[in-house]
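Data block below; observations after.
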Amino acid sequence: MADGTRPTVGAGAPDRVEIDLERQLLYVVRDGSVRWAIGASTGSGETYESSYDGLAVAVTPPGTFAVGRVYDGSEVAKLGTLYRPRYFNGGIAVHGAASVPGWPASHGCARVSDPAMDLIWSQDLMPVGSTVVVR
């Protein structure tokens, strides 16, 4: 991002969201090109006390998924509050958060800033059924 060059992404659906685990970035891809690159924070890899299964490891699993559920508001969950979440893998979502460090720090979700989440909602960049690729 410091070089001012547009990042490139691999092959896939021409319109999708890609989460780059190495760079901690979320790309909004339109017509096969990156339209927006948004800072993100994904799963920390640390062990935590899950509200369902006891101990769990905080990971954002790679793969190709689809947005299945959205919530337009602040959703309070056992692990914290998710601002305007768009779920793509069970309980894993892209959501707004007050803390979005440039390193993996979440329980598995992809955190973005609240203004970034507002952009995603205002432009409907992650509609239900749309593709999310985690690499």
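Things to note:
- Screening ARG84 against (1) farther than 30 Å from GLY4 by Cβ; (2) among the basic types (Lys, Arg); (3) in contact with an Asp or Glu (Cβ under 7 Å, 6 or more places away or on another chain) leaves a single unmet condition, (1).
Okay, residues lined up against (1) open to solvent by less than 50 Å² (accessible area, probe 1.4 Å); (2) touching a residue at least 60 places away in the same chain (Cβ under 8 Å):
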site	(1), (2)
PRO7	yes, no
VAL17	yes, yes
LEU25	yes, no
ARG30	no, no
ARG35	no, no
GLY39	yes, yes
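- Residues within segment 99-118 that are at pLDDT 95 or above and more than 21 Å from PHE65 (Cα to Cα), tallied: 8
- Only one entry in GLY108, GLY96, GLY129 is open to solvent by 20 Å² or more (accessible area, probe 1.4 Å), not hydroxyl-bearing (Ser, Thr, Tyr) and not in a helix (DSSP H, G or I), namely GLY129.
- Against the criterion of being closer than 18 Å to LEU119 by Cα and open to solvent by 60 Å² or more (accessible area, probe 1.4 Å), ARG86 does not qualify.
- Contacts under 7 angstrom Cβ, first residue in segment 46-68 being over 29 Å from PRO127 (Cβ atoms) and modelled with pLDDT under 95, partner open to solvent by less than 50 Å² (accessible area, probe 1.4 Å) and among the β-branched types (Val, Ile, Thr), 6 or more apart: none
- Restricting segment 41-58 to residues that are outside any loop (DSSP other than H, G, I, E, B) and of a type in the set (S, T, N, Q) leaves a set whose member that is least open to solvent (accessible area, probe 1.4 Å) is SER41.
- Answer residue from segment 68-83, given it is within 13 Å of VAL128 (Cβ to Cβ) and not acidic (Asp, Glu) and is surrounded by the most Cβ atoms within 10 Å (Cβ to Cβ) among those: VAL70
The values are calculated or read from the model by the stated rules, or taken from the named source; none is laboratory data. What you are looking at is a predicted structure, and each value in this text was computed from that prediction instead of being measured. FYI the Cβ positions are ideal-geometry reconstructions off the backbone, even for glycines, and counts take in every protein chain you see. Note: accessible area is taken over every heavy atom of the protein model, side chains too, but ligands, DNA and RNA are not part of it. Shrake-Rupley method; radii C 1.70, N 1.55, O 1.52, S 1.80 Å.
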